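Reviewing the structure listed below.
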Amino acid sequence: MTTTTDLRAEAEKILIGNTVTENGRTYTIPTHGLYPHQWNWDSAICAAGWMHIDVERAWRELETLLASQDKDGMVPHIAFNPDAGTYQPGPEWWGNRVGGDGRKISCISQPPVAAITLRLLFDLTKDIKRATRLIEPLQRWHDWWLNTRDPEGRGEPVIVHPWETGRDNSVEWDDALDRAPVSTTEFERVDTGFVAAEQRPTKKHYATYIGLIEQFKTMGYEQRRMAQASGFRVNDPGVSSILAAACYDLGDVAAKCGNPGAAERAKAQSETIADALDDRRDSDGRVWTENLMNDQTIKRYTVGLGIQLIQPVLDDPVVTTLMADVLTGPVASRWGVASTSPEDPAFEPVNYWRGPVWASASWLVVQGMLRHGKTGEARELSNRILAAVTTGGFNEYHEPTTGEGIGGGAFSWTAAVTLDLLARFENE
Ligand code: 9WN
């Protein structure tokens with residue numbers, strides 16, 4: 001029988017094993033082989049795990065991530081490890097762009113979870129000095145989402161590539177991707193050398209992921225232009241809700257660090273996003289993905305709905321609806337929250353974001369429930385996530401019916417959320 005002590009020890013071992021130090025920098029890679037670089041929202045979630053075993057490493061994780069920030073404020077979805085060459089598309093596909101600390105970086109971002117972790121870490125450590133140093137880069141990143149990436153002033157960022165949502169081949173993007181440019185360049189699929197092809201995005205999806213990157217090159221990777229003219233443009237309520245929470249949390253930390261100006265500004269940004277989401281909220285309480293390519297609303301039940309709970313200010317009936325969706329409704333699973341509802345015609349139980357349960361995304365839903373004081377429900381969901389890890393292992397994702405661990409193995413964010421959930425709910 002696996003005890004919580006065993007789980008803790010195994011999770012810690014994974015985070016330590018996935019630690020990379022190169023050129024004086026330290027960070028956690030998602031897993032060896034498949035993803036050998038620093039990923040954005042992975043690192044933010046890893047820091048939430050590190051903080052329970054080594055607060056120094058948790059601070060360092062966020063600091064290293066933000067050091068890769070681009071001149072315009074964007075924090076890239078990947079900061080490349082110069083000592084690891086296997087991942088495709090590598091830096092050459094992004095024009096060999098260089099971030100603030102000299103690492104090569106990608107030219108798109110990922111869900112801005114970092115300020116959410118900053119608040120958790122600050123509340124635990126009360127380290128004003130270290131938090132203060134992160135406020136400015138986080139503020140610049142949030143500004144980037146809300147200015148450069150919102151050319152029409154909708155109050156929500158324009159997502160220009162499915163990878164920016166972190167939920168890469170989720171069914172919500174199918175409609176927009178059908179209109180995206182398709183690359184004809186020969187592309188080497190390194191990923192399927194590590195994970196079975198049936199668990200990864202299709203060849204056709206990859207041709208559009210690459211087609212979009214090739215299109216960004218023709219735009220000189222100019223972010224405002226990308227927001228105006230990318231062949232894939234959506235408003236994702238998942239990213240928008242995370243950004244609303246991130247701004248709110250940054251405001252909270254800034255206030256506690258004695259910076260009322262930054263606090264006010266960040267809280268105002270959070271309200272702007274909340275208003276934009278409320279304006280397009282359905283009468284049933286949910287906000288759906290907006291395909292900006294044809295102004296169509298995409299009504300698909302995915303974990304993206306549960307992630308909306310992270311938004312700090314929500315009316316009670318909305319919280320009730322979203323909680324029912326994830327605990328007993330269309331995306332409920334005994335192992336966490338299913339990435340796509342089994343009732344969706346495109347549901348695939350082992351394919352990536354088209355069905356499997358992801359501990360990382362499910363953890364964000366737990367965080368959302370806690371914000372709204374729903375401790376009992378959060379504990380229930382936490383139990384499901386921990387059951388998946390106990391039954392299926394520390395995998396990248398789990399089959400939503402059997403709990404079998406699939407995708408990459410010894411996965412950092414799965415280990416990190418295990419440590420966080422054990423600390424929050426099982427602290428005997
Ligand atoms: C592209 C690292 C990342 C996660 C994403 C997940 C997957 C990458 C890929 O792995 O995406 O960013 O190559 O498939 O979808 O959420 O951040 O773990």
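The values are calculated or read from the model by the stated rules, or taken from the named source; none is laboratory data. Bear in mind that the values here come from a model prediction, so they are computed numbers and not experimental data. Please note: Cβ atoms are built from the backbone with ideal geometry, for glycine as well, and neighbour counts cover all protein chains shown. Protein only, heavy atoms only, side chains kept; ligands, DNA and RNA dropped before computing areas. Shrake-Rupley method; radii C 1.70, N 1.55, O 1.52, S 1.80 Å.
A single entry from V326, V337 fulfils the requirement of being within 16 Å of the ligand (Cβ to nearest atom), open to solvent by less than 20 Å² (accessible area, probe 1.4 Å) and β-branched (V, I, T): V337. Within the range 53-64, residues that are in contact (Cβ under 8 Å) with a residue 60 or more places away in the chain and aromatic (F, W, Y) have Cβ atoms under 9 Å from residues that are outside any helix (DSSP H, G or I) and surrounded by fewer than 18 Cβ atoms within 10 Å (Cβ to Cβ) in these pairs: W59/D127, counting only partners at least 6 apart in sequence or on another chain.
Counting the residues of the range 231-244 that are more than 22 Å from A274 (Cα to Cα) and surrounded by fewer than 24 Cβ atoms within 10 Å (Cβ to Cβ) gives 1. Screening the candidates P151, P162, P157 for the property of being away from the ligand (no atom under 16 Å from the Cβ), over 20 Å from S68 (Cα atoms) and crowded, with 24+ Cβ neighbours inside 10 Å yields one hit, P157. Residues that are under 19 Å from A415 (Cβ atoms), away from the ligand (no atom under 15 Å from the Cβ), open to solvent by less than 40 Å² (accessible area, probe 1.4 Å) and not aliphatic (A, V, I, L, M): does the range 351-371 have at least one? There is at least one residue in the range 351-371 that is under 19 Å from A415 (Cβ atoms), away from the ligand (no atom under 15 Å from the Cβ), open to solvent by less than 40 Å² (accessible area, probe 1.4 Å) and not aliphatic (A, V, I, L, M). Pairs, please: C-beta under 7 Å, at least 6 apart or cross-chain, first residue touching a residue at least 40 places away in the same chain (Cβ under 8 Å) and in the range 138-162, second surrounded by fewer than 20 Cβ atoms within 10 Å (Cβ to Cβ) and part of a loop (DSSP other than H, G, I, E, B)? If the second residue must be surrounded by fewer than 20 Cβ atoms within 10 Å (Cβ to Cβ) and part of a loop (DSSP other than H, G, I, E, B), the pairs left are W144/D72; T148/D72; V158/L292; P162/D168.
Pairing each residue of the range 183-211 that is open to solvent by 70 Å² or more (accessible area, probe 1.4 Å) with any residue that is small (G, A, S), provided the two are 6+ apart or on different chains, yields C-beta distances under 7 Å for F194/G33; F194/G408.
When the range 1-57 is filtered for residues that are more than 20 Å from V389 (Cα to Cα) and β-branched (V, I, T), the ones remaining, listed by number, are T19, V20, T21, T26, V55.
Of everything in the range 230-256 that is among the polar types (S, T, N, Q) and in a helix (DSSP H, G or I), the residue that is farthest from V365 (Cα to Cα) is S240.
With respect to the stated conditions, D123 fails to be within 16 Å of the ligand (Cβ to nearest atom), surrounded by fewer than 17 Cβ atoms within 10 Å (Cβ to Cβ) and part of a helix (DSSP H, G or I). Answer yes if at least one residue in the range 261-275 is farther than 26 Å from Y397 by Cα, touching a Ser or Thr at 6+ places or on another chain (Cβ under 8 Å) and buried (at least 21 other Cβ atoms within 10 Å of the Cβ), and no otherwise. Within the range 261-275 (the criterion being farther than 26 Å from Y397 by Cα, touching a Ser or Thr at 6+ places or on another chain (Cβ under 8 Å) and buried (at least 21 other Cβ atoms within 10 Å of the Cβ)), the answer is yes, since at least one residue qualifies. Count of the range 212-229 residues, restricted to those that are outside any helix (DSSP H, G or I) and open to solvent by less than 40 Å² (accessible area, probe 1.4 Å), is 2. Within the range 163-186, the residues that satisfy the criterion of being over 26 Å from V239 (Cβ atoms) and touching a helix residue (DSSP H, G or I) at 6+ places or on another chain (Cβ under 9 Å) are T184, T185. Checking each residue in the range 65-89 for being under 21 Å from W145 (Cβ atoms), touching a residue at least 60 places away in the same chain (Cβ under 8 Å) and of a type in the set (D, E) picks out only D72. Applying the criterion of being of a type in the set (S, T, Y) and within 16 Å of the ligand (Cβ to nearest atom) to the residues of the range 165-193, the residue that is farthest from Y221 (Cα to Cα) is T192.
Can we say V389 is touching a Leu at 6+ places or on another chain (Cβ under 7 Å), crowded, with 24+ Cβ neighbours inside 10 Å and over 20 Å from G238 (Cα atoms)? Answer is yes for this residue.
For I29, the conditions (1) more than 15 Å from R103 (Cβ to Cβ); (2) touching a residue at least 24 places away in the same chain (Cβ under 8 Å) are fulfilled apart from (1).
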